[in-house]
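The values are calculated or read from the model by the stated rules, or taken from the named source; none is laboratory data. What you see is a predicted model, and the numbers here were worked out from it, not measured in a lab. Every residue, glycine as well, gets a Cβ built from its backbone with ideal geometry; the counts of neighbours run over all protein chains shown. For the accessible areas, the whole protein counts, side chains as well, though only heavy atoms, and no ligand, DNA or RNA atoms are used. Shrake-Rupley method; radii C 1.70, N 1.55, O 1.52, S 1.80 Å.
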Amino acid sequence: MRFILGLLRVFVQARWWARACRVLGAGVLCASGAVCANGLYEQALDAIAMGDTVTAAALLEQLTQQQPNHAGAWLDMAMLYCGAGYTAQALALFDAIEARFAPPPGIVELMAWQRAKGCRGGATHDSARSAMGWGAQLGRGYESNVNQGVRDLNVTLNGAAGPLYLQLTPDYAPRGDGFTALGLDASWPVGQLGTSTWVQWQGQLFDKQRSFDVGAWQLGVTQPWHSQGWRGQLQASASWLDLGGARYQQATGVRASVGPVAGLPPGWQGDVSMGWRDIQYKTVSGFDARWLDVRTAVGYTATNWALQGSAGWQRDTALAVRPGGDRMGWSADVLARWVLQWGGVAELGGTVQNWLDNSPYAAGLIDQQRVQRSSSLRAALVWPAGPQGQWVLEGRQVRSIDNIALFGYDALSLQLGYQWRFGRREP
């Protein structure tokens with residue numbers, strides 16, 4: 001029996017990476033994700049500085065929604081992009097202005113002159129700011145299931161000799177604990193083509209369960225582009241993940257997206273993307289893998305609310321002999337935001353993820369192909385606190401439904417955090 005429980009402990013380690021990845025997504029909301037009707041300029045510029053072109057496009061669309069026939073607002077946005085050195089976005093907006101409106105000769109000449117001159121940053125607009133910026137996050141919270149403990153310690157495994165009934169030790173029961181969430185991020189422009197580089201660190205430090213502390217570094221570079229009514233971006237990134245103070249995972253990846261500049265109904269945005277990742281596990285052998293995913297995203301922005309969603313297909317290819325072998329899956333997510341009358345923002349979002357293994361998880365002991373269905377529901381309230389800060393109250397429910405009872409779990413978390421944004425304005 002000790003041998004079986006020891007083997008099961010190895011299997012359980014394989015799910016710790018999922019907890020670490022989930023923690024990274026459970027951090028306090030980035031400032032670039034908030035929609036504030038009284039400061040769309042500031043919010044859009046923050047998103048641009050962070051390299052988040054999707055959020056920036058949604059915020060700019062919301063601004064023009066307030067005055068959809070005001071060609072000057074479109075031109076002002078284009079010149080602001082150009083003044084910050086984001087050539088691709090500025091040229092795309094110039095194209096959209098010519099397609100949507102009939103600008104007078106003077107404006108046509110101005111855009112032609114700006115195209116010829118190029119977008120090299122500097123004070124080409126009175127409101128232009130430096131694209132260099134950084135931020136910090138600090139929060140406190142509580143999580144009900146730090147270790148992803150199973151729902152029931154009485155587990156049945158279906159092996160070659162028939163059902164095997166096990167009584168797991170209390171180590172596998174859910175353990176709750178308080179935690180401190182920390183975060184730092186920075187972004188800056190590179191060169192004259194709108195390229196941006198960003199670096200981010202996030203950590204979750206538990207009060208008692210220190211072996212489940214999570215720390216993660218991410219480093220990336222983003223290159224936007226546009227061509228004949230289409231826009232998109234190329235992104236390369238690397239990440240390093242520590243669990244319990246030891247290096248657990250490292251990964252590298254690339255992603256490309258493409259979407260139309262114009263042609264969609266007013267208020268709508270959309271794109272299609274493809275990504276590839278190489279993942280290495282440092283403390284668990286046999287779990288290195290490569291991921292390929294294809295995803296489509298669509299969003300709608302109105303005056304005081306926005307709705308975004310995406311869906312995609314993934315393939316996870318094992319690079320060694322791994323329990324369950326290769327797997328395939330699909331995922332979907334949706335996020336709704338509302339601007340409240342007093343200036344705050346309410347958010348409600350959900351994510352579902354399904355995985356199916358290609359082979360039995362552990363032949364002879366667990367002869368089932370693992371089918372994993374997980375879901376996450378998140379609700380948040382964001383309210384401003386000064387020119388460079390905001391409070392975020394966030395609740396999250398995570399549920400994993402697995403045909404192998406050893407891996408099913410539930411978790412609830414609640415967190416209150418504060419965020420700062422700095423370095424956004426020209427002196």
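Per-residue answers, yes or no, for (1) within 24 Å of ALA289 (Cα to Cα); (2) modelled with pLDDT of 95 or more:
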| residue | (1), (2) |
| --- | --- |
| GLY325 | yes, no |
| LEU340 | no, no |
| GLY349 | no, yes |
| ARG378 | no, yes |
| LEU381 | no, yes |
| LEU406 | yes, no |
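Scanning the stretch 294-313 for any residue that is of a type in the set (S, T, N, Q), assigned to a loop (DSSP other than H, G, I, E, B) and within 29 Å of LEU243 (Cα to Cα) turns up nothing. If you go through the stretch 265-289 and pick out every residue that is in a strand (DSSP E or B), farther than 29 Å from GLY229 by Cα and among the small types (Gly, Ala, Ser), you end up with 1. Among the residues of the stretch 229-267, the ones that are of a type in the set (Phe, Trp, Tyr) and open to solvent by less than 50 Å² (accessible area, probe 1.4 Å) come to 1 in all. In the stretch 249-264, the residue that is modelled with the lowest pLDDT out of those that are within 18 Å of GLY229 (Cβ to Cβ) and of a type in the set (A, V, I, L, M, F, W, C) is ALA262.
Here is a yes/no grid of residues against (1) surrounded by fewer than 20 Cβ atoms within 10 Å (Cβ to Cβ); (2) of a type in the set (S, T, N, Q):
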{"residue": "GLN167", "(1), (2)": "yes, yes"}
{"residue": "PRO174", "(1), (2)": "yes, no"}
{"residue": "THR180", "(1), (2)": "yes, yes"}
{"residue": "SER187", "(1), (2)": "no, yes"}
{"residue": "VAL190", "(1), (2)": "yes, no"}
{"residue": "VAL199", "(1), (2)": "yes, no"}
{"residue": "GLN202", "(1), (2)": "no, yes"}
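Look through the stretch 325-346, keep the residues that are of a type in the set (A, V, I, L, M, F, W, C) and outside any strand (DSSP E or B), and return whichever of them is surrounded by the fewest Cβ atoms within 10 Å (Cβ to Cβ). Once the filter is applied, the top-ranked residue is TRP342. Has the stretch 393-405 got any residue that is outside any strand (DSSP E or B), open to solvent by less than 10 Å² (accessible area, probe 1.4 Å) and not small (Gly, Ala, Ser)? Within the stretch 393-405, one or more residues are outside any strand (DSSP E or B), open to solvent by less than 10 Å² (accessible area, probe 1.4 Å) and not small (Gly, Ala, Ser).
So, VAL221, is that one closer than 19 Å to THR296 by Cβ and not hydroxyl-bearing (Ser, Thr, Tyr) or not? No; evaluated as a whole, the condition is false for this residue. Pairs meeting the criteria (first residue in the stretch 397-414 and within 18 Å of PRO170 (Cβ to Cβ) and of a type in the set (D, E, K, R), second residue assigned to a strand (DSSP E or B) and at pLDDT 90 or above, beta carbons under 9 Å, at least 6 apart or on different chains) are ASP410/GLN397; ASP410/VAL398; ASP410/ARG399; ASP410/SER400. Looking across the stretch 279-324 at every residue that is surrounded by 18 or more Cβ atoms within 10 Å (Cβ to Cβ) and of a type in the set (Phe, Trp, Tyr), the one that is nearest to ASP357 (Cα to Cα) is identified as PHE287. The stretch 138-246 holds strands (runs of 3 or more DSSP E) entirely within its bounds, and those carrying 1 or more residues that are under 30 Å from ASP271 (Cβ atoms) map to 177-190, 195-206, 214-227, 230-243.
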